[in-house]
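A.B. asks: To start, I am sharing the structure in question, which I have written as structure tokens.
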Amino acid sequence: MKKILAFIVLAVGFVLGENAMAEGLNEAQKAIAESAIYTARGDQKGLKPALERALNAGVKLDELKEILVQSYAYCGFPRSLNALGTLMTLEEERQKRDVSSVSVTPVEGDSFINGSINQAELVGAPVTGKVFEFAPLIDRYLKAHLFGDIFSRDLLDWKTRELATVAMLSARDGVESQLKSHIEIAKNNGVTDEQIAEILALSGQIKAQNVLFGFGKENTQYAPYFIGTSYLQPLNTEGLNIANVTFEPKCRNNWHIHHKGGQILMVVAGRGWYQEWGKPAQELHPGDVVNIPPEVKHWHGAAKDSWFTHIALAVPAEGASNEWLEAVTDEEYSKLK
Ligand code: MN
């Protein structure tokens, strides 16, 4: 009986064009999320191949246009217009042009009323808030324009719109509360936890790969002393050794000691940890500077849910050396938030 049921579920999933058993992002959804992330970052170099991957995965040109138009509500007209310019250039360059168009049912009725209904349906309840009473005009624009004019268009379903919105917001700084709200809205509209996690991971990775001092190459030289994968970008090797080190989520180095010279860490991006032997771990954020005296046993690395980048500066001293010790166990590490 179970086997028959599993077969029926698989068959239904197949007919719907997606595998109902696996709830991760499919190729088209992943390319849409990447396009939304690069659009929100204003990164045309990353955007163009992402848009091409979307077209190759079967996303229609009109659907991509719609996503980039919607992006203006989350990252402003300048980035929306630049992204549309990139899509236009890509379409002109492609040998295989997308001439198919997607039909859209004309929207009837009042934008503000349509938007109020759509917003309540998206969120699961009517939306009120002190800031909307303080400035009613923004409530009007949000409802009439974003949720009325844009979300009423049936060219894209709400699931896809919310998937793109979560991707756009995750690519930006200082919009944590909006990201949190839209993760809930996305879930209300059929985006799975696994898909959300994949979007956040994609966004973290794209941000980490584009930090100011460069991502560099996989840190194979020191890999035996790390758990997880790190990336090393040497910045200066004469007189003073300076390197940009990026850790993937959960990646950390073993306990170690810098003999004679010590080390200075300057946090560039993400969230991470520094811990001295026998002391509680310190949470690290961009702008934090850690002075590690020589002979102090310690480790540093990423938080469990965040990429982490710091510049490591080796304080020069005669006969300076590093001593690598035991790994930071999963048991110790899992106690950190
Ligand atoms: Mn160190």
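A.B. asks: Within segment 146-186, count every residue that is part of a loop (DSSP other than H, G, I, E, B) and touching a Ser or Thr at 6+ places or on another chain (Cβ under 7 Å).
C.D. replies: 2
A.B. asks: From Lys260, Lys337, grab the single residue that is within 23 Å of Gly174 (Cβ to Cβ) and either open to solvent by 50 Å² or more (accessible area, probe 1.4 Å) or within 11 Å of the ligand (Cβ to nearest atom) (or both).
C.D. replies: The conditions single out Lys337.
A.B. asks: Please tell me if Glu133 is part of a helix (DSSP H, G or I), under 28 Å from the mean Cα position of the chain (by Cα) and of a type in the set (Asp, Glu).
C.D. replies: no
A.B. asks: More than 17 Å from the chain's Cα centre (by Cα), at pLDDT below 95 and open to solvent by less than 40 Å² (accessible area, probe 1.4 Å), is that true of Gly148?
C.D. replies: Answer is no for this residue.
A.B. asks: Does Leu169 satisfy the criteria of being open to solvent by 60 Å² or more (accessible area, probe 1.4 Å) and over 30 Å from Ser321 (Cα atoms)?
C.D. replies: Judged against the criteria, Leu169 is not a match.
Every residue, every condition in (1) under 21 Å from Ala208 (Cβ atoms); (2) open to solvent by less than 70 Å² (accessible area, probe 1.4 Å); (3) touching a helix residue (DSSP H, G or I) at 6+ places or on another chain (Cβ under 8 Å); (4) among the aliphatic types (A, V, I, L, M), yes or no:
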{"position": "Leu265", "(1), (2), (3), (4)": "yes, yes, no, yes"}
{"position": "Ala269", "(1), (2), (3), (4)": "yes, yes, yes, yes"}
{"position": "Gly278", "(1), (2), (3), (4)": "no, no, no, no"}
{"position": "Val290", "(1), (2), (3), (4)": "yes, yes, no, yes"}
{"position": "Thr309", "(1), (2), (3), (4)": "yes, yes, yes, no"}
{"position": "Ala314", "(1), (2), (3), (4)": "no, yes, no, yes"}
{"position": "Leu325", "(1), (2), (3), (4)": "no, yes, no, yes"}
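A.B. asks: Separate question: Would a scan of segment 202-224 turn up a residue that is touching a His at 6+ places or on another chain (Cβ under 8 Å), within 12 Å of the ligand (Cβ to nearest atom) and open to solvent by 60 Å² or more (accessible area, probe 1.4 Å)?
C.D. replies: For segment 202-224, residues touching a His at 6+ places or on another chain (Cβ under 8 Å), within 12 Å of the ligand (Cβ to nearest atom) and open to solvent by 60 Å² or more (accessible area, probe 1.4 Å): absent.
A.B. asks: Given the conditions (1) among the polar types (S, T, N, Q); (2) touching a strand residue (DSSP E or B) at 6+ places or on another chain (Cβ under 7 Å); (3) modelled with pLDDT of 95 or more; (4) under 30 Å from Ala197 (Cβ atoms), report the number of the one that Ser306 does not fulfil.
C.D. replies: Only one criterion in (1) among the polar types (S, T, N, Q); (2) touching a strand residue (DSSP E or B) at 6+ places or on another chain (Cβ under 7 Å); (3) modelled with pLDDT of 95 or more; (4) under 30 Å from Ala197 (Cβ atoms) is unmet by Ser306, namely (3).
The values are calculated or read from the model by the stated rules, or taken from the named source; none is laboratory data. Bear in mind the structure is a predicted one, so any value in this text is a computation, not a measurement. Heads up, the Cβs are rebuilt from the backbone with ideal geometry, glycines too, and the neighbour counts pull from every protein chain shown. The accessibility values were calculated without ligands, DNA or RNA, using every heavy atom of the protein model including side chains. Shrake-Rupley method; radii C 1.70, N 1.55, O 1.52, S 1.80 Å.
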